[in-house]
Every structure is written in C-alpha cells, then in structure tokens.
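Student: Quick one: the structure is below, and I'll ask about it shortly.
The numbers here are math on the coordinates, done by the rules we state, and not lab data. These numbers come from a predicted model, not from an experiment. All Cβ positions, glycine included, derive from the backbone under ideal geometry; neighbour counts span all protein chains shown.
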Amino acid sequence: MKIAIMAGDGIGPEIMAEALKVLDVLRRDGLKIETESALIGGAAFDAHGHPLPTATLKLAQDADAVLFGSVGGPKYDTLPREHRPEKAILGLRKECDFFANLRPAIVFPELADASSLRPEIVAGLDLMIIRELTGDIYFGEPRSISGEKGNRVGINTMHYTEAQIRRILHVGFQTARQRNKRLCSIDKMNVLEAMQLWRDIAIEIAPEYPDVELTHMLVDNAAMQLVRNPKQFDVMVAGNMFGDILSDEASMLTGSIGMLPSASLDANAKGLYEPIHGSAPDIAGRGLANPLAQILSLAMMMRYTFNLADVAMRIEVAVRKALASGMRTGDIAKRGEVMCSTSEMGAAVVTGM
Ligand code: IPM
Ligand code: MG
C-alpha cells in the first residue's frame, strides 16, 4: 500500500501527526504501508510558488490513496484565484477524477448531547451523503468577473453532463443498496435546467435498482428536513455545490464538524481521504484541534481503497473508546468538561487499539 501524505495548512499538520501515529500502530502490527509526504496548499505556495506543484500531483497519481489534511488560510485569500490553496484540493479532485465523495454523518452515542439539536432528534443517526466532485458550478464555464467598477458582473455556470450525473447517481444507488436501501436525490429542478436533467436521469436509472426506494427532494427543503428530522434519510446524493452545503449542515447534527471524515473515490476506488472541515486558522498551532476526523478518514481509506474493513473497524472502535473514556477536544466538550489537546486525543485512540 502506498499512501501519499498531504497535511496542508492550518491545523492540517497537527491532526495529520495524530493519524500518522495510528498508521504506525498498523505498521507495527504487520500492515505493509509505505508513505510519502508532499507539500500542498498554502505551504506549497510558500515553498514552490504553486498550491499544487507538479511533484505533488504526480505523487497523488502514483499512490494508491492520499491522506489529505486541510488547506487555506487568511494570508492566501487575496492571491489570484489560481494560486489559492483551495485550488490544490479542487485540482486534485479534477486531475485524479475523484468524483464520488462519501460523507458519512454518524452520531456517536457518547456525543448525542454535543449536537445543538435535541438528543432524541439525532441519537442513532447514520446518514451518508454522496456528493459529486468534478462538475457543477465549481468547474463550469464561463466563469468571470468582468466590467468596470460600478457595473461589474460576476458569472459562474452550473454545468453537468449526463455522464457525470449518471455515474454519481449509480454510486448513490449502490451505496443505498448496501445500507437501508433508501436513496434521496437532491436537486433544484423547479428553477434550474441542469437540475431538471439530474432529476430526469435519476428517474431513468431507478428501474435498474428495484430494491432501492428512490425519492427526490429540492435542496432548500432538504436543508430544512436535515434539522427537522434527519433520521428520515439513509443515503442522500447531491451535486457538488449542494452536497458541499448539506454536508456541513449534517456535520453539526453529529456535534462537531471536527468529527467527520470523507472519501473521494475514482472509478477504481482509488481515493483521497480528508476531514470535511477546513484548516481552522483561528486555532492552528495551539494543540486545540480535534484529530478524529483525520483519524476516521484513515479508517475510511482502509475500508474503501484497501478493502480492509476489519482494520477500519479497529480504528473506529478505538475512536469510540477514546470518546467513551471521556476524552473531549474543545469542539465536543460540554460546558464544565475537561478539554484535552490534539495529541492527547490521538494518544487515547492509539491506546485503544
Ligand atoms: C469541502 C470544502 C472545499 C469545497 C473547499 C475548501 C474548496 O469546503 O471539501 O467541503 O468547497 O469543496
Ligand atoms: Mg465544504
């Protein structure tokens, strides 16, 4: 197994350090894992003048999987868009065709009261959001800001090909098939042509999955239903933009965005694994960040790219044990609870393995 390690910016390096400790345990116990690190995002821009240097892209292409931290920070926000750290993750997704983004939102029993919603609304929640990553308004042309000050125009384009829609919907159906067999397809067909096409194709391919119950929901309603009654959902499938927004929203059902891992897969289950949260520059370098999303991203890698469900489970169980033993980083601590540091949380997970 060759894993590319790309820690990135902000809290990325701190949380990655904890995931690497978990990786060391797996190695010690006999898994043959080779790792190679590369700079990405702002860190790569600072060192090489580009957020996604050729060598970093090549490493991602050569490895079986990428463990990715997070990129971005205020000091880069005024750079030209092609030099901004976000370009690195968008570029990796596009260049490696990591089109299928799996974002599970699972409420750990230990954290049911860490959510801002009432525990009975979220307890036992196990939701999977499938988000398309290579199309939509993120990549659509034309895109520009043009015109003279006072009369400027900003343009982006929601663009989806039939092939792009088809392949992500198939991932949605197949994922539902392995779970509770309910797929909710998210669109905005009442306003947008691209989303009418999405709806039409979902209806078209549904007969191939007679065992899966397909429903459709407009994205605004879905955003509302997620906080009203999240347990009505099993698998949601959405385009790039709507999936981005809904997955941040879903993360808060689980108590903290610091808990949620994700997998971004190509057609051969090669993948990039990253927390869904960002680089959190406000707390970077202070040992406050929650490393669990990064560690759980490693577990997802074991499950989806390497087909090692038992190893994935071993990591997930260790995370549960750390939580059960009362370990809480600031984001999941309740008022009055003792907070632990990033590395204390990592150490607790390692102990539980
Ligand atoms: C995410 C992030 C990224 C996205 C940003 C950092 C480009 O919000 O992975 O959800 O919008 O896809
Ligand atoms: Mg996002």
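Student: Given an 8 Å cut-off on Cα distances and at least 6 residues of separation, report the relative contact order of the chain as a percent.
Tutor: Normalised by residue count, the contact order of the chain is 21 percent.
Student: So how do 271-284, 43-56 stack up, highest first, on mean other-Cβ count within 10 Å?
Tutor: 271-284, 43-56
Student: Another question about this same structure. Using the basic label-point model (7 angstrom from Cα toward the beta carbon), what is the Glu148 to Asp24 distance in nanometres?
Tutor: 6.3 nm
Student: Which peptide among 209-221, 286-298 comes first, and what is the full order, when sorted by highest mean count of other Cβ atoms within 10 Å?
Tutor: 286-298, 209-221
Student: Multiply the residue separation of His216 and Arg118 by 0.36 nm, subtract the distance between their alpha-carbon atoms, and state the gained length in nm to one decimal.
Tutor: Separation in residues times 0.36 nm, less the Cα-Cα distance, equals 32.6 nm.
Student: So, one more: Just to be sure I understand: with springs between alpha-carbon atoms less than 10 Å apart, which residue in Phe99, Phe68, Phe306 has the highest mean-square fluctuation in the Gaussian network model of the chain?
Tutor: Phe306
Student: Hey, can you grab everything whose amide H is under 5 Å from the amide H of Val71? Only 5+ residues off in sequence or another chain; H modelled, so Pro and N-termini drop out.
Tutor: Long-range HN contacts for Val71: Asp9, Ser279.
Student: Can you find, among Pro275, Tyr209, Leu265, the residue farthest towards the positive end of the dipole of region 153-293? Put +1 on the C-beta of Lys and Arg, -1 on that of Asp and Glu.
Tutor: Pro275
Student: Over the chain, how many pairs of lysines fall under 23 Å by alpha carbon, counting only those 8 or more apart in sequence or from different chains?
Tutor: Number of lysine pairs found: 19.
Student: Please figure out what share of the DSSP beta bridges in the chain is antiparallel and state it in percent, rounded to the nearest 5.
Tutor: In the chain, approximately 40 percent of DSSP beta bridges are antiparallel ones.
Student: Determine the calculated [θ] at 222 nm for the chain from helices alone, applying -39500 (n - 2.57) to every DSSP H run no shorter than 4 residues and normalising by the residue count; nearest 500 deg cm²/dmol.
Tutor: -12000 deg cm²/dmol
Student: Which value, in debye to the nearest 20, describes the size of the charge dipole of the chain about its Cα centre when Lys and Arg Cβ atoms bear +1, Asp and Glu Cβ atoms bear -1, and nothing else is charged?
Tutor: 380 debye
Student: Then there is this: Cα gyration tensor of the chain, axes a ≥ b ≥ c as square roots of the eigenvalues: rounded (a/c below 1.5), prolate (a/b > b/c) or oblate?
Tutor: Rounded.
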